[in-house]
Amino acid sequence: MTPRLGMVTMDSHDAEPLGQWWAEQTGAEVVETNGGEYVVVKGGSLPIILSFQVPDATSGRTRRIST
């Protein structure tokens with residue numbers, strides 16, 4: 001069996017506008033949103049599904065701020 005790429009997910013602080021832009025540019029449509037926190041774009045000339053998500057503010061490394 002040959003692996004096949006089906007979806008690419010990207011972090012974005014503005015997931016909904018970015019997903020809408022990609023949909024307009026490729027003739028695709030936004031098929032799912034979750035209040036702008038997670039957007040799925042599918043169809044048109046896209047060979048894969050694109051998704052954009054707002055990253056969790058608590059994920060990643062903890063940053064220390066010194067005063």
Taking region 29-55, which residues are under 15 Å from A15 (Cβ atoms) and hydrophobic (A, V, I, L, M, F, W, C)? V30, V31, V39, V40, V41, I49, L50, F52, V54
Any residue in region 16-40 that is assigned to a loop (DSSP other than H, G, I, E, B) sitting within a Cβ distance under 7 Å of a residue that is polar (S, T, N, Q)? List the pairs, counting only those 6 or more apart or interchain. G27/S45; E37/Q53
Considering only residues that are assigned to a strand (DSSP E or B), free of Cβ contacts under 8 Å to residues at least 24 places away in the same chain and either touching a Pro at 6+ places or on another chain (Cβ under 9 Å) or hydrophobic (A, V, I, L, M, F, W, C) (or both), which ones fall in region 41-58? V41
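Coordinate-derived values only; no laboratory data. Computed from a prediction, not measured in an experiment: that's the story for all the values here. Cβ sites come from the backbone with ideal geometry, for glycine too, and all protein chains shown count toward neighbours.
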